[in-house]
1. Confirm whether Leu22 is in a loop (DSSP other than H, G, I, E, B) and among the aliphatic types (A, V, I, L, M).
2. Within the stretch 174-197, is there a residue that is buried (at least 21 other Cβ atoms within 10 Å of the Cβ) and closer than 20 Å to Ile116 by Cα?
3. Any idea how many residues of the stretch 1-19 are open to solvent by 20 Å² or more (accessible area, probe 1.4 Å) and modelled with pLDDT under 85?
4. Of all residues in the stretch 50-71, count the ones that are assigned to a helix (DSSP H, G or I) and surrounded by fewer than 21 Cβ atoms within 10 Å (Cβ to Cβ).
5. Select, from Pro76, Pro92, the only residue that is under 19 Å from Leu35 (Cβ atoms) and open to solvent by 30 Å² or more (accessible area, probe 1.4 Å).
6. Look at Phe162 and say whether it is open to solvent by less than 10 Å² (accessible area, probe 1.4 Å), aromatic (Phe, Trp, Tyr) and on the phi < 0 side of the Ramachandran plot.
7. I'm told Pro76 meets every condition in (1) at pLDDT below 95; (2) in contact with a Lys or Arg (Cβ under 8 Å, 6 or more places away or on another chain) except one. Can you identify the failing condition by its number?
Amino acid sequence: MPIKFQLPADPMVRFREIYDALNTQRGFWGDSTPLRFAALTALSCPGSAVQVATDIIWTAREIKERSGWFGTLNSPLRFIVSAMLLLNKDKPENFLREVDRVSTLFREIKLRRGPIYEVLAILLLRLNTDLQPIPDEAVHRFKSIYEHMKKYHWWLTGPDDFPACAILVNQAAPPEEIGFTIERIYQDLAGRKFSKGDPLQTAANILYLTGLNAAEVATRYAHLADRFRAAGVRIWQSDYDELAILTFLDHPAERIVDNVLNYRAAMKELKPKLDASMTFNLAASLSFIELVQQNRDTSRITDVKALLDMQNIINTQQAAAAAAAASAAAASAAN
């Protein structure tokens, strides 16, 4: 399992240390959600928790200054992106320069604009090339994968699928085969009573990376969901992507569920208090980081780093969704 950094033996302890260090620098009106996900992303960054938190804050400040008042990364999501840059030893100016360059390429090949999703996709493509300039052929393959997804679900497929397309660029199969297999996974899951829609498509995109056939991976996914339900956990559509990440683990479903529930209980001590969906998301992420280090069959996960990158992107998207919901609620209350 090629990992470029050392995963923490006790993810919860490291998470609490970094989050607490970040939270002490949060303003009264600041949103704590991106800071939680930034702390999660930064678990493997070297150095003390205080130093890591300080580096995230300074990187986020530089991103904000370079992005301008109306830039995509002027939002609190920049803290999570900052943690990813720090983890991968990337520099804000180099990253943002590549975002500008590749965004221009996207327009030239007629890809629709995708604000934050486009930035996240470019970040993943950049990590795929070890921070080297993203080659034109990768950009064209990215578009081809996107178009083959859209062939099956033109009404669902959009910029929110850009990050998944970026992860899939490094897969060996032709784009048409990737699209076909993802569709088979999607339909198999739908046949098992998982709700159709964007969250299920995202789950299918992630599950493609297992390398298992559609029926086998759908069976594993459904069995894990059943174990969570048996333990009293409702699986919402917003949980589908995290459930997909957990499906990669080579452990009995019962152990995975117990591990997630233990982390979820610990999440109740965080301040400010989290809602149930957020505790599941964070608990699942921490469980994956702990249990993937103990996988019995490492061949099932060919690149843990790619999965961790995807997990960080999912967390960024979750934070974006939470921010949008909070904004909508505030607007509704004002009216």
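The values are calculated or read from the model by the stated rules, or taken from the named source; none is laboratory data. A quick note: this is a predicted structure, and the numbers were derived from the prediction, not measured. Reconstructed Cβ throughout: ideal geometry from the backbone, glycine too, with neighbour counts over all protein chains shown. With ligands, DNA and RNA removed, areas are computed over all heavy atoms of the protein, side chains included. Shrake-Rupley method; radii C 1.70, N 1.55, O 1.52, S 1.80 Å.
1. no
2. No, the stretch 174-197 contains no residue that is buried (at least 21 other Cβ atoms within 10 Å of the Cβ) and closer than 20 Å to Ile116 by Cα.
3. 6
4. Counting residues in the stretch 50-71 that are assigned to a helix (DSSP H, G or I) and surrounded by fewer than 21 Cβ atoms within 10 Å (Cβ to Cβ) gives 12.
5. Being under 19 Å from Leu35 (Cβ atoms) and open to solvent by 30 Å² or more (accessible area, probe 1.4 Å) holds for just one of Pro76, Pro92, which is Pro76.
6. Judged against the criteria, Phe162 is a match.
7. The one condition Pro76 does not meet is (2).
Yes/no matrix, rows are residues, columns are (1) modelled with pLDDT under 95; (2) aliphatic (A, V, I, L, M); (3) more than 26 Å from Asn312 (Cβ to Cβ):
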| position | (1), (2), (3) |
| --- | --- |
| Glu176 | no, no, yes |
| Ile182 | no, yes, no |
| Gln187 | no, no, yes |
| Lys196 | no, no, yes |
| Thr202 | yes, no, no |
| Gly211 | yes, no, no |
| Phe228 | no, no, no |
